Amino acid sequence: MQVDIKTSDIRPIRQTFSQIARRFGADKPATRYQEATFDLQSTANFHYRPLWQPQYDLYDVRRTAIVMDDWYAFRDPRHYYYGVYVQARARQQEVQESNFEFVDRRRMLRDAAEADRARLTRLLVPLRHYEWGANMNNCTVVAYGYGAAITQAAQFHTMDRLGLAQYLTRIGLLLDGNDTAVLDQARQDWLGDPCWQGVRACMEKLFVTADWFEVLLVQNFLFDGLVYPLAMSHLEQVLAPQAASGYALSTEFAQSWYEESVRWVDASLRTAVAESEANAVLLKQWIEHWLPAWVDAFRPRATAAFGDQAEAVTAEAVGDLVARAGRVGIAVNTSSPSDPTGRKP
Amino acid sequence: MNNNVFIALQTSDEARAIIDAILDDNPAATRSDFPAMVKIDAPGRLVVRRESVGQRLGRDWDLQELHLSLISLSGNIDESDDEFCLVRG
């Protein structure tokens with residue numbers, strides 16, 4: 001008897017969803033990111049206008065002054081859709097949890113020098129209120145933004161900001177042996193300490209800014225562009241060794257998260273700039289409008305942290321930010337950040 | 001004499017990014033589909049670039065990860081951290 005082994009080739013009838021096939025041409029297998037992102041938002045057949053803003057549709061491109069031919073051009077270079085995003089963050093959370101446990105077991109923050117504990121309480125822990133504000137601002141982007149490519153990434157960003165606020169809370173608890181006095185003090189500092197009032201005022205102005213793309217730019221590019229280098233990275237250098245290593249372990253996620261989110265933020269700005277000259281001009285105006293005020297607002301905080309080094313450290317961070325803007329195609333006028341007569345928002 | 005090189009890869013989600021990258025980086029390459037396998041032939045030379053695959057996957061990709069999807073290949077291998085190159089002749 002002879003046995004023939006045959007392979008039979010079973011072709012799937014269709015490779016992907018029709019909207020993906022329409023967008024990417026031939027009916028070929030799509031990545032999960034494409035399938036979970038492109039053309040998901042409703043575009044037609046809205047039966048009612050939003051009653052609170054009857055001049056707009058529910059999803060409306062006119063809610064920002066940025067004009068795009070295709071709003072799905074804002075693809076995320078990290079290719080985050082729900083599945084990979086959750087997996088990536090779950091892994092990072094495990095690492096961060098064991099870092100916190102290490103810091104706690106060795107009492108690295110609790111037993112740090114009094115001056116360092118006071119410094120962290122006053123200069124770092126209040127940032128949890130900043131993170132909450134950043135969550136609010138990104139919620140605005142999610143609520144009024146157009147196209148799942150950008151609103152999806154912004155939604156993940158809101159969750160990240162809540163997580164960062166919670167990690168800062170954990171640092172407060174570590175400083176205090178799980179008591180809440182440090183958190184209460186940090187809240188009082190955020191509300192009353194002169195070194196935070198400019199920052200708080202700027203955040204509150206951004207809460208009432210209507211254009212969602214401006215909010216995205218100002219919060220995620222401009223505000224973070226100063227807060228993360230100055231408040232997260234540089235602070236380590238002014239702490240004594242014990243507190244500095246406890247601090248580095250506790251903020252490791254925040255620092256690697258910032259490097260990662262820069263990729264998405266810069267890609268979004270680059271896409272908007274590449275679309276048209278008008279967009280580029282608009283982004284440039286927004287940066288030049290907000291940057292001087294933000295530098296002024298942040299100056300007392302930088303002075304409290306770095307003393308007479310503050311101006312140099314701030315200038316370096318501003319220089320980096322301007323260079324980043326240059327790389328995405330926005331030539332920011334560099335004289336404005338240090339110009340005390342600069343226009344304020 | 002036939003101086004074609006080829007690489008055969010599984011058709012998994014990950015391998016699709018590699019296949020796309022190879023086809024974009026090697027204009028002379030031809031793709032043939034088989035059940036659960038894609039074979040890419042090219043005259044003389046075929047290159048897999050770390051950067052191109054990483055861009056399509058949205059994360060850093062190590063060239064050694066190629067071996068998770070690799071079924072077979074033919075040609076002499078010239079390998080660095082950034083490029084995996086098949087050559088003949």
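Descriptive notes on the structure:
- Residues (more than 14 Å from chain A (Cβ to nearest Cβ) and not in a helix (DSSP H, G or I)) located in segment B:1-25: B:Met1, B:Asn2, B:Asn3, B:Asn4, B:Val5, B:Phe6, B:Ile7, B:Ala8
- Candidate set from segment A:185-207 (those that are open to solvent by 10 Å² or more (accessible area, probe 1.4 Å) and under 18 Å from the mean Cα position of the chain (by Cα)); member that is nearest to A:Arg110 (Cα to Cα): A:Arg200
- Count of segment A:232-284 residues which are over 19 Å from A:Leu173 (Cα atoms), among the small types (Gly, Ala, Ser) and within 19 Å of the chain's Cα centre (by Cα): 6
- For segment A:10-50, the tally of residues that are over 28 Å from the mean Cα position of the chain (by Cα) and among the polar types (S, T, N, Q) stands at 5.
- Matching residues in segment A:190-243 - criterion: being farther than 25 Å from A:Arg324 by Cβ, of a type in the set (Gly, Ala, Ser) and assigned to a helix (DSSP H, G or I): A:Gly192, A:Ala243
- Restricting segment A:161-184 to residues that are polar (S, T, N, Q) and modelled with pLDDT of 95 or more leaves a set whose member that is surrounded by the most Cβ atoms within 10 Å (Cβ to Cβ) is A:Thr169.
- Some residue of segment A:136-146 being touching a His at 6+ places or on another chain (Cβ under 6 Å) and open to solvent by less than 50 Å² (accessible area, probe 1.4 Å): yes
- Check on A:Ala26, within 14 Å of chain B (Cβ to nearest Cβ), surrounded by 15 or more Cβ atoms within 10 Å (Cβ to Cβ) and without any contact (Cβ under 8 Å) to a residue 24 or more places away in the chain: no
- Cβ pairs under 6 Å, 6+ apart, first in segment A:188-216 and closer than 18 Å to A:Ala272 by Cβ and modelled with pLDDT of 95 or more, second open to solvent by 10 Å² or more (accessible area, probe 1.4 Å) and of a type in the set (Phe, Trp, Tyr): A:Trp212/A:Tyr144; A:Glu214/A:Trp286
- A:Ala302 within 20 Å of A:Cys202 (Cα to Cα) and either assigned to a helix (DSSP H, G or I) or of a type in the set (Lys, Arg) (or both): yes
- Identity of the residue in segment A:30-43, of a type in the set (S, T, N, Q) and away from chain B (no Cβ under 14 Å), that ends up surrounded by the most Cβ atoms within 10 Å (Cβ to Cβ): A:Gln41
- Checked against (1) touching a residue at least 40 places away in the same chain (Cβ under 8 Å); (2) within 21 Å of the chain's Cα centre (by Cα); (3) surrounded by 15 or more Cβ atoms within 10 Å (Cβ to Cβ), A:Leu109 passes all but a single condition, namely (2).
- Of all residues in segment B:39-49, those being within 13 Å of B:Ala15 (Cα to Cα) and surrounded by fewer than 20 Cβ atoms within 10 Å (Cβ to Cβ) number 1.
- Filter pass, A:Asp9 being acidic (Asp, Glu), away from chain B (no Cβ under 11 Å) and either over 28 Å from A:Val141 (Cα atoms) or open to solvent by less than 100 Å² (accessible area, probe 1.4 Å) (or both): no
- Identity of the residue in segment A:77-108, in a loop (DSSP other than H, G, I, E, B) and either closer than 13 Å to A:Gln152 by Cα or not aliphatic (A, V, I, L, M) (or both), that ends up nearest to the other protein chains (Cβ to nearest Cβ): A:His79
- Tally, over segment A:305-338, of residues that are outside any helix (DSSP H, G or I) and hydrophobic (A, V, I, L, M, F, W, C): 3
- Some residue of segment A:44-58 being of a type in the set (A, V, I, L, M), surrounded by 14 or more Cβ atoms within 10 Å (Cβ to Cβ) and either in a loop (DSSP other than H, G, I, E, B) or away from every other protein chain (no Cβ under 13 Å) (or both): no
The values are calculated or read from the model by the stated rules, or taken from the named source; none is laboratory data. What you see is a predicted model; the values in this text were computed from it and never measured. Cβ sites come from the backbone with ideal geometry, for glycine too, and all protein chains shown count toward neighbours. Note: accessible area is taken over every heavy atom of the protein model, side chains too, but ligands, DNA and RNA are not part of it. Shrake-Rupley method; radii C 1.70, N 1.55, O 1.52, S 1.80 Å.
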